[in-house]
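The next block holds one structure in the form of structure tokens; read it before the comments.
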Amino acid sequence: MGKTRLRAVLALAVAVPALLTAPAAQAGEVHRIKTAPSPSTGAPVDGGGSWIVNKPSGYYVGRAMPGDTFDDEVTTSANWHFGRAQSTVNMCGWVLPGSMGADVGPVADSCSATTQATISHRLTVGRDYNAPAHQATDGSAVPANPACTLYFNYFYGTDFASNGGHWATAAGAPQSSVRYRFTTRDGQAAVVRDTVLGWGFLPIGCVQRPASLYNDND
């Protein structure tokens, strides 16, 4: 056997095992969102679809509407789903148990374990909370301007410090009293729960914030 042919055979012998043993890229499964039951009441969430939260039973950071696509990368034993909300917000986060609808197919994972850990802390996603960490699960009642519009989405992407201002998915006029939870990090929007429309975002000038606000982390 000639030296050139021998070198080619040896190179192939090394390359083939390497290809066979290379780890496959992790793949999530894309689903259409369907309206999920509220974890607290069991009724369909007000406004439809699924909340996007920073951790299971965490803070509201957006909404995936019915028919939107979500790449389910991690599913807990309690059926919370972590991955990328692809439609409208292009955001990594958690969606509710019972929100996974029709299977669309696999896609490579795009939300890392580091992102999952980082967004789990409330000062990553907001500031000026209505209560100290771990001491409330709802907002505080405050006056709101019914002439304003509540939106289900405010962010595009997972950088909550700089990716705000993308008002999307208008829900309608708020009630004259809403439940204030926190302010976005850019100070331009308040996360509130409206008793009819559900969780969403109001422009900061449309809501009166509580007198006591908290910026401890969790």
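The values are calculated or read from the model by the stated rules, or taken from the named source; none is laboratory data. The structure presented is a predicted model; accordingly, all values stated were derived computationally and were not measured. Using ideal geometry, Cβ is built from the backbone for each residue, glycine included, and neighbour counts are taken over all protein chains shown. Remember, those area values only see protein heavy atoms, side chains included, never the ligands or the DNA or RNA. Shrake-Rupley method; radii C 1.70, N 1.55, O 1.52, S 1.80 Å.
Per residue, what accessible area does the chain have, given a 1.4 Å probe and all protein chains present, in Å²? Walk me through the intermediate numbers first.
Values: 10380 Å² over 218 residues.
Dividing the accessible area of the chain by its residue count gives 48 Å².
Other residues within the sphere of radius under 11 Å centred on the Cβ of residue 55, judged by their own Cβ, net out at 0 (K and R +1, D and E -1). Just need the Rg to Rh number for the chain, please, alpha carbons only, Kirkwood Rh. Radius of gyration over Kirkwood radius for the chain works out to 1.17. Phi angles of segment 173-183 translate, via the Karplus equation with coefficients 6.51, -1.76, 1.60 and θ = phi - 60°, into HN-Hα couplings of 7, x, 6, 6, 9, 10, 9, 7, 10, 6, 10 Hz per residue; Gly and Pro are given as x.
Note on residue 27 and residue 148: the model spin-label points, each 7 Å out from Cα along the C-beta direction, lie 4.5 nm apart.
When Rg is the radius of gyration of the Cα atoms in segment 43-157 and Rh is its Kirkwood radius, what does Rg/Rh come to? Before the final figure, lay out each step's value.
Details: Rg = 14.7 Å, Rh = 15.2 Å.
Rounded to two decimals, Rg over Rh is 0.97.
Modelled spin labels at residue 212 and residue 115, positioned 7 Å past Cα toward Cβ, are 3.7 nm from each other.
Were the residues from residue 173 through residue 78 laid out at 0.36 nm apart, the gain over their Cα-Cα distance would be 30.8 nm.
Got a sec? What order do 197, 123 fall in by accessible area at 1.4 Å, biggest, i.e. largest, first? Intermediate values should be presented prior to the final figure.
On the way: 197 30, 123 55 Å².
Result of the area sort, largest leading: 123, 197.
Phi angles across segment 40-47 convert, under the Karplus curve 6.51 cos²θ - 1.76 cosθ + 1.60 with θ = phi - 60°, into 3J(HN,Hα) values of 8, 10, x, 7, x, 4, 4, x Hz, Gly and Pro given as x. Here's how it looks for residue 30: its modeled amide H is under 5 Å from those of 72, 104, 105, 107, which are all 5 or more places away or on a different chain.
Near the amide H of residue 218, within less than 5 Å, lie the amide hydrogens of 122, 123, all on another chain or at least 5 residues away, with H placed in the peptide plane.
Under 5 Å from the amide H of residue 59 lie the amide H atoms of 54, each residue being 5 or more positions distant or on a separate chain, with H modelled from the backbone and absent for Pro and chain starts. Net charge of the neighbourhood of residue 83, taken over other residues with C-beta under 10 Å away and scored Lys/Arg +1, Asp/Glu -1, is -4. Rounded to the nearest Hz, the phi-derived 3J(HN,Hα) couplings of segment 73-85 under the Karplus curve 6.51 cos²θ - 1.76 cosθ + 1.60 (θ = phi - 60°) are 9, 9, 10, 7, 5, 8, 6, 6, 10, 9, x, 9, 7, where x marks glycine and proline.
Roughly to the nearest percent, how much of the accessible area of segment 81-205 is carbon and sulfur, given a 1.4 Å probe? Display every interim value, and only then the final one.
Numbers: 2420 of 4890 Å².
That fraction is 50 percent.
Fully extending the segment from residue 87 to residue 156, taken as 0.36 nm per residue of separation minus the present Cα-Cα distance, adds 23.8 nm. Using a probe of 1.4 Å, the accessible surface attributed to residue 32 totals some 110 Å² when neighbouring protein chains are kept in position. Using a cutoff of 8 angstrom between alpha carbon atoms and counting only pairs six or more residues apart, the relative contact order for the chain works out to 19 percent. Could you give the distance between the Cα centres of segment 31-100 and segment 156-209, to the whole Å? Cα centroid to Cα centroid, the span is 18 Å.
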